[in-house]
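So the structure is just underneath, and the comments pick up after that.
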Amino acid sequence: MAVKKRESLEDYVDRLFDLWFDRLPVGTYRITASWTDREKRETNGRLGEVAMDVSSDYRYQQASIQIYAPTVRTMTDERIEEAVVHELLHVALCPMAHGEREDEEEVVVTLMARSFCKAYAPTKRK
Ligand SMILES: [Zn+2]
């Protein structure tokens, strides 16, 4: 009897990025995502490990997202989806981003990501 293999974490995250790339206003961006086995801790007194982070340049409509595998492996599907939406919203808002407004941007992006994830049915891992 053939055993159906579960979708890999990498394939699931790729699928989430494709799905939310179409849903969010980031379609003009060239976005690359890469995985690392490194861990990254939050700084500035923030809590916990970093799952993903992004650097974007709206002038060239480019962004690159770093995915920290050890942290993502510990997360539920729902939290992973929220993290993907969170990072893509950073890309969408990057023309407004200025270093000194970093905390305000985090709040806006976090609340928007949670709202968007609530508005759609969760994307389950196959
Ligand atoms: Zn963020």
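Quick note: the coordinates plus some simple rules give every number you see, no bench work behind them. Predicted model only: the values in this text are computed from it and were never measured. Here the Cβ positions follow ideal geometry from the backbone for every residue, glycine too, while neighbour counts run over all protein chains shown.
Quick look at the values:
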item	result
Candidate lysines for bridging to LYS126, where Cα separation is under 25 Å - those fewer than 8 sequence places away on the same chain excluded	LYS4, LYS5, LYS118
Order by protection proxy (mean Cβ within 10 Å, highest first), peptides 6-18, 95-107, 22-34, 72-84	72-84, 6-18, 22-34, 95-107
Efficiency of FRET between ASP53 and ALA2 - r from beta-carbon atoms, R0 41 angstrom, step 0.05	0.55
Charge-dipole axis of the chain as Lys and Arg at +1 and Asp and Glu at -1 on Cβ define it, positive-most pick from THR123, GLN66, VAL108	THR123
Between 0 and 90°, nearest 10: helix 102-119 axis offset from the chain longest Cα axis	40 degrees
Long-range amide H partners of ALA33 with built H, under 5 Å	ILE65
Length released on extending from ARG73 to ARG114, taking residue separation times 0.36 nm less the Cα-Cα span	12.8 nm
Helix 9-23 axis, angle to the chain major axis (alpha carbon atoms, nearest 10°)	50 degrees
Helix 77-93 vs. the chain, principal-axis angle (Cα, 0 to 90°, nearest 10)	30 degrees
GLU102 versus GLU39: modelled label distance in nm, points set 7 Å from Cα along the beta carbon direction	2.2 nm
